[in-house]
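Each reported figure results from applying straightforward, stated rules to the coordinates on display, with no laboratory input. Everything quoted here is computed from the prediction, not taken from an experiment. Virtual Cβ from ideal backbone geometry, glycine too; neighbours counted across all protein chains shown.
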Ligand code: NAD
């Protein structure tokens, strides 16, 4: 129904073939987009580079958002190679283990600031660098979770962090709408990924999700990718600022 033929997409957050970002990269590619893919550091590169090559990525570069200059270098490469950008996917999050596993009430100022910087403010920095390259409009996507809205056991400090991310989505959408730049959060139910393994008792979350969701199916990275690809299409250009649940209906149940 829709095509992303010739659209230029920067995908940040692929760690391995289970990553939500990888599900999105393959869906964007399948609809015709050209890809730039980043990896965290030299340790991650051997896992990510072969995937990027499979997807025919035209730009493959390191990006640790907490390292000065790396984000600018990625956007410089995008500008030099493509002269523009149409799609930005920010699919990253981080919280220090000790803070993540404790009560929200007890989390340290340093840990909270680091989690907010890597998981939220980095999205704003990316949008700011993408804006001048999105000359024909564009789509900026991040990835959130229902723990932003309701207290989900063991999700702990990532709840307030994702709440901030979702608010950033709304403000950025309001500020950039007149330029034809749309901003969204994808909000999948729990999925087995590396990041998820950092959450205590994650299996309980998976069991609860499939038991309570009306469809009784867990979200897959393909489900998330399909939504990302649609939101990135011209057909979705009048939708912005939304938090899109991809959770088998879990979030509508009491
Ligand atoms: P993942 O481990 O595959 O991806 C997390 C990514 O974050 C990795 O690629 C990692 O390199 C990157 N990252 C961490 N710190 C970084 C930094 N300083 N600079 C650059 N990149 C950094 O796990 P995932 O589940 O695919 O996570 C992607 C996003 O989806 C996260 O925002 C996560 O909170 C969100 N999410 C996950 C689930 C789930 O159940 N897995 C559900 C809802 C939302």
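Quick one: grab the alpha carbon gyration tensor of the range 126-254, order the square roots of its eigenvalues as a ≥ b ≥ c, and give me rounded if a/c is under 1.5, else prolate or oblate depending on whether a/b is larger than b/c. Because a/c hits 1.5 or more and a/b exceeds b/c, the range 126-254 counts as prolate. Is the range 8-248 best put as rounded, prolate or oblate by its Cα gyration tensor, with a ≥ b ≥ c the root eigenvalues, rounded for a/c under 1.5, and otherwise prolate when a/b is larger than b/c, oblate when not? The shape class here is rounded.
Could you identify which residue out of 44, 52, 27 has the top mean-square fluctuation in a GNM of the chain using Cα springs shorter than 10 Å? Looking only at 44, 52, 27, the biggest GNM fluctuation is shown by 44. Here the simple spin-label model places points 7 Å from the Cα toward Cβ, and for residue 81 and residue 2 these points are separated by 2.4 nm.
Among 119, 167, rank each residue by its count of other Cβ atoms within 10 Å, from fewest to most, as a rough exposure measure.
167, 119
Modelled spin labels at residue 17 and residue 179, positioned 7 Å past Cα toward Cβ, are 3.8 nm from each other. Within the listed set 178, 17, 166, the Gaussian network model of the chain (springs between alpha-carbon atoms below 10 Å) gives the highest mean-square fluctuation for 178.
Between the range 87-151 and the range 183-254, the C-alpha centres lie 16 angstrom from each other. Once label points are set 7 Å from the Cα along Cα→Cβ at both residue 194 and residue 234, what is their separation, rounded to one decimal in nm? Taking the two extended label points, one gets 3.7 nm.
Assuming a ≥ b ≥ c are the square roots of the Cα gyration tensor eigenvalues, decide whether the range 54-133 counts as rounded (a/c under 1.5), prolate (otherwise, with a/b larger than b/c) or oblate. Could you put the intermediate results ahead of the total?
On the way: a/c = 2.92, a/b = 2.38, b/c = 1.23.
Prolate, because a/c is 1.5 or more and a/b exceeds b/c.
For the chain, the longest principal axis of the Cα atoms and the long axis of helix 45-54 meet at an angle of about 50 degrees. To test your reading of the geometry: what angle, between 0 and 90 degrees and rounded to tens, separates the Cα axis of helix 202-212 from the longest principal axis of the chain? In the chain, helix 202-212 runs at an angle near 90 degrees to the longest axis.
Looking at the chain, what % of its DSSP beta bridges pair antiparallel, to the nearest 5? Can you show the working numbers first?
Values: 0 of 27 bridges.
If we restrict to bridges inside the chain, about 0 percent are antiparallel.
In a fully extended conformation the segment linking residue 215 and residue 251 would gain 11.8 nm over its present Cα-Cα distance, using 0.36 nm per residue. Comparing 21, 211, 228 in a Gaussian network model of the chain (Cα springs below 10 Å), the most mobile by mean-square fluctuation is 211. Helix 158-176 and the long axis of the chain differ in direction by around 30°, with both axes built from C-alpha atoms.
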